[in-house]
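One structure is given here, and the rest of the page talks about it.
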Amino acid sequence: MVAITVTPMVEVLQKYLDAFNRADWETYKATLTPDSVHIEPGGMEMHGPAASAEGVKVFKVAFPDLTGEVVRLMTGERDAAAEIVWRGTHTGPFVTPTGTIPPTLKPITVHATKVFGFEGDLIKYSRHYWDMTELLSAIGAMPGAG
């Protein structure tokens, strides 16, 4: 993690990411407003903490050791954007909108950006932009990928 000035917003973001990294879904949900919206590529839009936690579990099933590390963080008054590097190993089934990819046992490193909007000290909105080509190439799920 890079050296970042700690503010209440930054503390919540770190708590949110740490909870995901540990698969601590109760703590993860506690960082979100009751009416939060979480958007992932491929048309995944989740409303509320429970739906958000269930929606992102697909990544922990496919990559149980998946962890994210913030390498750059920009914050505003009520918004933040984090550049995150995700690392893990594809040891479980990866359920995607176009089908399930069986485990390949291949390691991944995926670069992403996540944009957050806050209400009070909680996350109300998040949109995750990640490099799907990088992920699918790493697990050999793209034509010509190793």
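When only the heavy atoms of the protein chains count and the probe is 1.4 Å, how do THR98, THR113 rank by accessible area, highest first?
The most accessible residue leads, giving THR98, THR113.
The residues of the chain expose on average 50 square angstrom of accessible surface per residue, using a 1.4 Å probe on protein heavy atoms. Residue separation of THR104 and ASP35 scaled by 0.36 nm, minus their Cα-Cα distance, works out to 21.2 nm of gained length.
For the stretch 38-146, state which GluC sites (Glu not before Pro) are in a DSSP loop and have at most 11 other beta carbons lying within 10 Å of their beta carbon. Each step should come with its number before you reach the end.
On the way: sites: GLU45, GLU54, GLU69, GLU77, GLU83, GLU119, GLU134; in loops: GLU77.
Those that pass, being in a loop and sparsely packed, are GLU77.
Counting only protein chain heavy atoms and rolling a 1.4 Å probe, the accessible areas of MET46, MET132, MET74 rank, largest first, as MET74, MET132, MET46.
If R0 equals 25 Å, the separation of the Cβ atoms of VAL58 and ASP121 corresponds to a calculated FRET efficiency of about 0.35. Whenever you get a sec, compute what percent of the accessible area on the chain sits on carbon and sulfur atoms (1.4 Å probe). The computed percentage sits at 59. Only protein heavy atoms count here; under a 1.4 Å probe, TRP130 has an accessible surface of about 40 Å².
Could you work out the local net charge near ASP65, counting Lys and Arg as +1, Asp and Glu as -1, over the other residues with Cβ closer than 12 Å to its Cβ?
Working: positive: ARG22, LYS60, ARG87; negative: none.
Every neighbour counted, the sum reads +3.
Residues ASP121, ASP24, ASP131 ordered from highest to lowest accessible area at a 1.4 Å probe: ASP121, ASP131, ASP24.
The values are calculated or read from the model by the stated rules, or taken from the named source; none is laboratory data. Since this is a predicted model, take the numbers as computed values, not measurements. Quick reminder, even Gly has a Cβ in these numbers, built from the backbone with ideal geometry, and neighbours come from all protein chains shown. SASA here: full protein model, heavy atoms, side chains in, ligands and nucleic acids out. Shrake-Rupley method; radii C 1.70, N 1.55, O 1.52, S 1.80 Å.
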